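Right, one structure below, let's go through it.
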Amino acid sequence: MGKNIAYHYTSLDSLYKIVTTKSLLLTDLAGMNDPEEGKYSPEDFLDDLKKGRDSFLKDENSIKFFDVIIAELEIRKDEFFKLCKIGKKEPFTLALSDKPDSLQHWERYGNQLKGVCISIDLDRLDDLRSMFPSIFQIRKVLYKSEDISRQILRDIIKTYNMYSEELNKEGKTLDIDTIKKSCCTQFAVQYRSMTYFIKKDFWNEEDEIRVFYDHESWKESKRFFKNVNFPEKFVTAAKNVYETTGLEKPEYMSFSTIRKCHRLSLRDEWDLGIIPEIKLGTYCRQNKKILKQFLKEYGLGNIKITDSKIKIR
């Protein structure tokens, strides 16, 4: 099995729909179980940014770089907050987990242990992630303040290293003016990319890996392609990759309420092992032989079918 595997706990009915449609259903963020979804503010971001300084930074030069950024963001706070404004978004998500056999997930999402846990090889979706990094993302959700600070800091250090490498090639020292000039825009972009991957600490046991799609950003990208003189080869490749996903057309599904959804087609990855394993819940009464025949009928003949190791009386 690949190294980049995530797990989707669901019912047998949902497994049937995933296999017969060869797709995953992404639902609107407004219907998620956490009412605080998407409420991470620019003020929260700045607080977490400052916390990282004393906790994680040790190198003298990187501390200097960090202090310049903090000072400049404080001076230009209004500009930074304005750049942080998300604007119109139409986010759709699919919740996965990095836990392969979790009692909590079975009870909450796996139909009270009567459903299944579907393994998904996330590496098979790399074309989408690389071609549309702001439209389609797969990232771990962060819950704890220290984890958020650490992630922000990783990006700062990455930027610092990028600056340093370029300057070393040219035999120059760190250009403070350049850092000051770009930091508001740079960290506003970072804030906007993180905000839909942060939840309150009391949800942390979910260990969620989130598949995220922003339909409004796709519409903006299409307009951008028309107005900017991109190489035709790139535009054609981007459209081809996107069109194979099936994400463009919305549909409506009835759960406890009617919700807007988008389907992520897996047809191009279906025969490449994107679903390497299906685990049956403790109380799942599905006949394995029939399940194996069903999966083979839909091109998943090599899939591994296993049982949950969780035993309950």
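For the chain, which whole percent of the accessible surface, found with a 1.4 angstrom probe, sits on carbon and sulfur atoms? It is 50 percent, rounded to a whole number. Relative intensity of segment 202-284 on a log10 scale, I(q)/I(0) at q = 0.16, 0.18, 0.25 Å⁻¹, equals -0.95, -1.09, -1.25, per a Debye sum over C-alpha point scatterers of equal strength in the absence of solvent. In the assembled protein chains, VAL68 presents an accessible area of approximately 30 Å² (probe radius 1.4 Å). For the chain, the longest principal axis of the alpha carbon atoms and the long axis of helix 42-56 meet at an angle near 80°. Taking a ≥ b ≥ c as the square roots of the eigenvalues of the Cα gyration tensor, an a/c ratio of 1.5 or more together with a/b larger than b/c marks segment 83-169 as prolate.
Using just its DSSP H runs of length 4 or more, each adding -39500 (n - 2.57), the chain gives a mean residue ellipticity at 222 nm of -14500 deg cm²/dmol after division by all residues.
Compute the helix-to-body angle for 12-21: its Cα long axis versus the longest principal axis of the chain, expressed 0 to 90° and rounded to tens. Tilt relative to the chain: about 80 degrees. When each of the peptides 247-257, 285-295, 106-116 is scored by the mean number of other C-beta atoms lying within 10 Å of its residues, the order from highest to lowest reads 106-116, 285-295, 247-257. Looking at the calculated P(r) for the chain, what percent of the C-alpha pair distances fall above 26 Å? Within the chain, distances greater than 26 Å cover 55 percent of Cα pairs.
What the phi angles of segment 59-76 give under the Karplus curve with 6.51, -1.76 and 1.60, with θ = phi - 60°, is a coupling list of 6, 4, 5, 5, 5, 4, 4, 4, 5, 4, 4, 4, 4, 5, 5, 5, 5, 10 Hz, glycine and proline written as x. Binning the alpha carbon pair distances of segment 245-313 at 5 angstrom intervals from zero yields the distribution 3, 13, 16, 15, 15, 20, 14, 3, 1, 0, expressed in whole percent. The residue among ILE63, HIS105, ILE75 whose Cα reaches farthest toward the positive pole of the charge dipole of segment 56-115, with charges on the beta-carbon of Lys, Arg, Asp and Glu, is HIS105. When a/c reaches 1.5 or more, the comparison of a/b and b/c decides; with that in mind, is segment 49-88 rounded, prolate or oblate per its Cα gyration tensor? The shape class here is prolate.
For the chain, the longest principal axis of the C-alpha atoms and the axis of helix 145-170 are separated by about 60°.
Using a probe of 1.4 angstrom and keeping all protein chains present, the accessible surface of segment 87-142 works out to 42 square angstrom per residue.
LYS88 sits with roughly 140 Å² accessible to a 1.4 Å probe, with DNA, RNA and ligands left out of the calculation. Listed cross-link partners LYS39/LYS88; LYS3/LYS85; LYS85/LYS181 are compared with a 26 Å cut-off, the Cα-Cα value being larger for LYS3/LYS85.
The values are calculated or read from the model by the stated rules, or taken from the named source; none is laboratory data. Bear in mind the structure is a predicted one, so any value in this text is a computation, not a measurement. Glycine gets a Cβ as well: all are built from the backbone with ideal geometry, and neighbour counts include every protein chain shown. Keep in mind that these areas ignore ligands, DNA and RNA; they rest on the heavy atoms of the full protein, side chains included. Shrake-Rupley method; radii C 1.70, N 1.55, O 1.52, S 1.80 Å.
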